[in-house]
Amino acid sequence: MTLPADSGSGGIDVELETLKDFKKRVDGILGELESSPAAPAKVGQQEVDRASFGGSFAEADGIYAEYNRVHTHLTGLSKVLGAQIEAMRIAVHGADVGFGNLEDDLKRRFWQLQGQAYQHQQEQRQADKPGTEDDTEVTY
């Protein structure tokens, strides 16, 4: 937070209220996400079996393989998104009370979530390198 040009504390109060409003919005979005079909646990459960793509022919096998690849990727992204929203919630709370004043378990959780995001990012970079199995080009 920054102090306004005048030496009064009104600017801090306004910024604190803005952070509190932002936290309420983040909490609301997280609540909606967790109760929606896009919740990380629900995305992972939404699968289509091979029979849904028709008979035994190479194209159906290819479509099914691509579906599984995309589904796995979306499931991972959904989990990372949920974790980052949780980390943001902790960060906003930390900005409100001072990060040094957060309970130790919240600090540990924040850094754990950041570590998970970093690990996911590194895995994606590795997967995106040429010559990896995700480097398949689909042509129609």
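The values are calculated or read from the model by the stated rules, or taken from the named source; none is laboratory data. Computed from a predicted model, the values in this text were never measured in an experiment. All accessible areas refer to the heavy atoms of the entire protein, side chains included, with ligands and DNA or RNA removed. Shrake-Rupley method; radii C 1.70, N 1.55, O 1.52, S 1.80 Å.
Entry remark, segment 103-128: residues being at pLDDT 90 or above, more than 18 Å from Gln84 (Cα to Cα) and open to solvent by less than 70 Å² (accessible area, probe 1.4 Å) number 0 in total.
When the residues of segment 90-130 are filtered to those that are of a type in the set (Lys, Arg) and part of a helix (DSSP H, G or I), the one that is nearest to Lys20 (Cα to Cα) is Lys107.
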